[in-house]
Each structure stands twice: as structure tokens, then as C-alpha cells.
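Chemist: Below: one structure in C-alpha cells.
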Amino acid sequence: MRELWKPGTILGPVPAVMVSCGDFEKGEKNIITIAWTGTINSDPAMLYISVRPSRYSYEIIKRTGEFAVNLTTEALTFAADWCGVKSGRDYDKFGEMNLTAAKGYFSGCPIIEESPVSIECSVRDIIPLGSHHMFLGEILGVSVDSRYIDKNGRFCCEDTKPVCYSHGEYYGLGKYIGKFGYSVKKKK
Ligand SMILES: Cc1cc2nc3c(=O)[nH]c(=O)nc-3n(C[C@H](O)[C@H](O)[C@H](O)COP(=O)(O)O)c2cc1C
């Protein structure tokens, strides 16, 4: 037996990222929490974020043509949730959450210093879909907190304690299961 549901945003778990936007030089900065995001191309490296036009961040990203996806961690989850229920129209989210707005390395928009990975993007296209508009972002560059890169150059993502969003709830990473291609690897 399976229950039949109407179309819905059931796909999950998904990341819940903190997207920073604004113009660093002018002191303009905001954060919007985004769950509708994902990688969409390898070369050029691209990702998308889907944003409701009513969001304060929508106009900022449209105007500046840039945004940064900052990965969230267990330590950042409270701030991610807060930035996802309060608007930059009413609050300085960096200030309220004690987060540091750092100058982007590849763009004019601020990144979140406390995030282990910031992915700076330039808006390639905006596709109106209905409730949300999809921003296609070309990745200009990625900055990674070097504390999470081991001596072999491996990014130890698990050490950042990443967080995912599953049907309205936040979870940490589960137990290790295998790595890419393990299903076809010959057993010794
Ligand atoms: C976990 C989580 C995920 C969210 N995902 C999205 C999303 O993908 N797109 C969107 O437009 N809003 C999303 N929101 C809501 C916005 O983050 C929220 O409306 C925020 O207050 C907008 O901030 P702003 O007005 O400063 O831009 C999400 C909120 C949370 C808590």
C-alpha cells in the first residue's frame, strides 16, 4: 500500500545554506537561508537558488548580480534558522547573529567568515517559475577554511559538522556508508 499525495516539495533531505548578498564596499549586507538550491553544471561550475520575489534579498541579488552560498554547520544552525525567519528589512542579520561579513575573494558581495565554505556566484539568468524565481549562478570561486583541509589536500567536510534540512527539521550528518563507486569495487 502507498498513499498518494498531491504534487509537493517533498524532495529531501536538502542543504539549508546561508546565502549572503549585498555590496561589501558600500556596507550593504544581508543573509537569506535557502533550501531550494543545488548543483546544476560542472563546467562551467554552476548552481541555482530559488528565491521568492517577496524576499528582501531578491531585489539585492537581482540588482548586484551576485550572491554567495555559505555552507551551514551544526554551530551555524541557530543563525541559519533565524536568518530564515527574519527579514533584512527589519534586522542587520550579521550583527544580530554575531556573524562576520568578510570581503568576497571573487565578487563584490560579502561572505560569512564563520562558514567553512563560501561559494561566490555571478547571476547568469533569472527564471520565473511561479512562487519562486530561479537564479542560475555561475561559480566564480570557492573559499575554504584551511582548518578543514588535511595535509593531503583533502577537504574534510565531515569535520565541519554539516547540516541538512529534512521536511522542516535540521539534522547532522549520519554514519559513514561508503564512497563514490564502492558498489562496483572488486572485493579483495
Ligand atoms: C530552512 C529554511 C529554508 C528556506 N528556504 C528558502 C528558499 O529556498 N527560498 C526562499 O525564497 N526562502 C526560503 N526560506 C525563507 C527565507 O529564508 C526567509 O523568508 C527570510 O526571512 C528572507 O530574508 P530576507 O527578507 O532578508 O531576504 C527558507 C527558510 C528556512 C528557515
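The values are calculated or read from the model by the stated rules, or taken from the named source; none is laboratory data. From a predicted model like this one, the values you see are computed outputs, not experimental measurements. Cβ: placed from backbone, ideal geometry, glycine included. Neighbour counts: every protein chain shown.
Chemist: Hey, can you tell me all the residues within segment 107-126 that are part of a loop (DSSP other than H, G, I, E, B) and not polar (S, T, N, Q)?
Modeler: First, the residues of segment 107-126 that are part of a loop (DSSP other than H, G, I, E, B): 107-110, 113-116.
If the condition is that a residue be part of a loop (DSSP other than H, G, I, E, B) and not polar (S, T, N, Q), then Gly108, Cys109, Pro110, Glu113, Glu114, Pro116 are the ones that fit.
Chemist: Being under 21 Å from Val14 (Cβ atoms), more than 14 Å from the ligand (Cβ to nearest atom) and at pLDDT 95 or above narrows it down to one residue among Leu76, Leu136; which is it? Before the answer, list the steps.
Modeler: Numbers: Leu76 fails: more than 14 Å from the ligand (Cβ to nearest atom).
That would be Leu136, the only listed residue that is under 21 Å from Val14 (Cβ atoms), more than 14 Å from the ligand (Cβ to nearest atom) and at pLDDT 95 or above.
Chemist: Follow-up question, since we're still on this one. Inside segment 140-188, can you point out the residues that are within 22 Å of Gly84 (Cβ to Cβ) and part of a loop (DSSP other than H, G, I, E, B)?
Modeler: Correct list: Lys161, His167, Gly168, Leu173.
Chemist: Check whether at least one residue in segment 168-181 is within 16 Å of the chain's Cα centre (by Cα), surrounded by fewer than 16 Cβ atoms within 10 Å (Cβ to Cβ) and in contact (Cβ under 8 Å) with a residue 60 or more places away in the chain, and report yes or no.
Modeler: Yes: one or more hits.
Chemist: Looking only at segment 169-183, count how many residues are over 26 Å from Glu113 (Cα atoms) and of a type outside the set (Ser, Thr, Tyr). Full working, then the answer.
Modeler: If we filter segment 169-183 for residues that are over 26 Å from Glu113 (Cα atoms), which is where we start, we get 175-183.
Going one step further and asking which of them are of a type outside the set (Ser, Thr, Tyr), we end up with 175, 177-181.
Qualifying residue count, segment 169-183: 6.
Chemist: Would a scan of segment 87-96 turn up a residue that is more than 10 Å from the ligand (Cβ to nearest atom), surrounded by 17 or more Cβ atoms within 10 Å (Cβ to Cβ) and modelled with pLDDT of 95 or more?
Modeler: Taking segment 87-96 first, the residues more than 10 Å from the ligand (Cβ to nearest atom) are 92, 94-96.
From the residues that got through so far, the ones that are surrounded by 17 or more Cβ atoms within 10 Å (Cβ to Cβ) too are 94.
Checking which are modelled with pLDDT of 95 or more leaves us with 94.
Looking for residues that are more than 10 Å from the ligand (Cβ to nearest atom), surrounded by 17 or more Cβ atoms within 10 Å (Cβ to Cβ) and modelled with pLDDT of 95 or more, one finds at least one in segment 87-96, hence yes.
Chemist: In segment 51-67, which residue that is free of Cβ contacts under 8 Å to residues at least 40 places away in the same chain and more than 7 Å from the ligand (Cβ to nearest atom) is surrounded by the most Cβ atoms within 10 Å (Cβ to Cβ)? Talk me through it step by step, then tell me what you get.
Modeler: Here is the first cut: in segment 51-67, the ones free of Cβ contacts under 8 Å to residues at least 40 places away in the same chain are 54-57, 59-60, 63.
Next, from what is left, pick out any that are more than 7 Å from the ligand (Cβ to nearest atom): 54, 59-60, 63.
Numbers: Ser54: 9, Glu59: 13, Ile60: 21, Arg63: 13.
Once the filter is applied, the top-ranked residue is Ile60.
Chemist: Another one. Please go through segment 133-147 and pick out each residue that is surrounded by fewer than 17 Cβ atoms within 10 Å (Cβ to Cβ) and either farther than 21 Å from Ala68 by Cβ or in contact with a Lys or Arg (Cβ under 9 Å, 6 or more places away or on another chain) (or both).
Modeler: Glu138 - this is the single residue of segment 133-147 that is surrounded by fewer than 17 Cβ atoms within 10 Å (Cβ to Cβ) and either farther than 21 Å from Ala68 by Cβ or in contact with a Lys or Arg (Cβ under 9 Å, 6 or more places away or on another chain) (or both).
The rows are residues; the columns are (1) under 22 Å from Gly38 (Cα atoms); (2) in contact (Cβ under 8 Å) with a residue 24 or more places away in the chain; (3) hydroxyl-bearing (Ser, Thr, Tyr).
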| site | (1), (2), (3) |
| --- | --- |
| Tyr105 | yes, yes, yes |
| Pro116 | yes, yes, no |
| Asp145 | yes, yes, no |
| Asp159 | yes, no, no |
| Tyr165 | yes, yes, yes |
